[in-house]
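Below: one structure, written as structure tokens.
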Amino acid sequence: MAINQPNTLIQFKIMKALIPILLIACFMAALVACNEAKSDPQTANAAPTKDSLVKRGAYLVAVMGCNDCHSPKKMTAMGPVVDTSLMLSGFPANGPVPAPGLNDIKGGLVVFNGDLTACVGPWGTSFSANITSDATGIGNWKEEQFDQAIRHGKYKGLDGTRPLMPPMPWQDFSNLSSGDVQAIFDYLKSTKPVNNVPPAFKPAGKV
């Protein structure tokens, strides 16, 4: 059976001409789909929900070690563990203050109490703050105030106050994003309120 060469050649040339057109059409279709996805409110970067902020804040508080100093502990056979009934409530108002030896601080030591909520160093004696949602914690704070405290090291987030003292690592926290600060603040405002007023910071040399 003879092959109709002219017709085959024509078909080949038509297919060859259509390939670039098909490729361009596919590219344009993908571009349009991408643009539609960006403009679609369901797929665009929407503002985070309150619930998502609280969950992220809980994660950040955990990985940043806030419980290490701000939560009273219970002593167990495996060492101190967080007392969940007092979580993030700071140094207990009537708790025992660390009492270093006469030459400990002069010798360069820093002394913590047993649950790490108080610390004595060359700067004086620091007591971890209550950061629960109670009025004695940060219950009455505004987010801007919290930002000034955690990222700029201002006591209670107020202008004209003393800096936050060690071991509070606010210099490291200064690298937090505004979104992270908002998430942490929203989480702390959602915590169980614990009424507790830790003692005031005692500068070195003052009783």
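The values are calculated or read from the model by the stated rules, or taken from the named source; none is laboratory data. Being a predicted model, the structure only gives us computed values, none of them experimental. Cβ placement follows ideal geometry from the backbone for every residue including glycine, while neighbour counts extend to all protein chains displayed. Each accessible area value is taken on the protein alone, full model and side chains, heavy atoms only, with ligands, DNA and RNA left out. Shrake-Rupley method; radii C 1.70, N 1.55, O 1.52, S 1.80 Å.
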Condition check for VAL97: touching a residue at least 60 places away in the same chain (Cβ under 8 Å) and loosely packed, with under 14 Cβ neighbours inside 10 Å: yes
Taking the condition of being β-branched (Val, Ile, Thr) and either in contact with a strand residue (DSSP E or B) (Cβ under 6 Å, 6 or more places away or on another chain) or open to solvent by 40 Å² or more (accessible area, probe 1.4 Å) (or both), how many residues in the range 47-70 meet it? 2
Of the residues ARG151, ARG162, which is surrounded by fewer than 21 Cβ atoms within 10 Å (Cβ to Cβ), among the basic types (Lys, Arg), closer than 28 Å to LYS55 by Cα and touching a residue at least 24 places away in the same chain (Cβ under 8 Å)? ARG151
Condition (residue is surrounded by 16 or more Cβ atoms within 10 Å (Cβ to Cβ), in contact (Cβ under 8 Å) with a residue 40 or more places away in the chain, of a type in the set (Ser, Thr, Tyr) and not in a helix (DSSP H, G or I)) applied to the range 179-196: is it met by at least one residue? yes
Just to be sure, is THR132 polar (S, T, N, Q), over 19 Å from the mean Cα position of the chain (by Cα) and open to solvent by less than 60 Å² (accessible area, probe 1.4 Å)? no
So SER126 fits all but one of (1) among the small types (Gly, Ala, Ser); (2) at pLDDT 95 or above; (3) open to solvent by 70 Å² or more (accessible area, probe 1.4 Å); what number is the exception? (3)
Do the conditions hold for GLY90, that is, is it modelled with pLDDT under 95 and open to solvent by less than 30 Å² (accessible area, probe 1.4 Å)? no
Yes or no: ALA2 at pLDDT below 60, within 30 Å of PHE146 (Cα to Cα) and surrounded by fewer than 10 Cβ atoms within 10 Å (Cβ to Cβ)? no
Filter result for THR84 (of a type in the set (S, T, N, Q), over 21 Å from ASN195 (Cα atoms) and modelled with pLDDT of 95 or more): no
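Is it true that THR117 is surrounded by 14 or more Cβ atoms within 10 Å (Cβ to Cβ) and hydroxyl-bearing (Ser, Thr, Tyr)?
Values: surrounded by 14 or more Cβ atoms within 10 Å (Cβ to Cβ): yes; hydroxyl-bearing (Ser, Thr, Tyr): yes.
So THR117 fits the description; yes.
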Does the range 100-108 contain at least one residue that is small (Gly, Ala, Ser), farther than 22 Å from VAL197 by Cα, surrounded by 10 or more Cβ atoms within 10 Å (Cβ to Cβ) and at pLDDT 90 or above? no
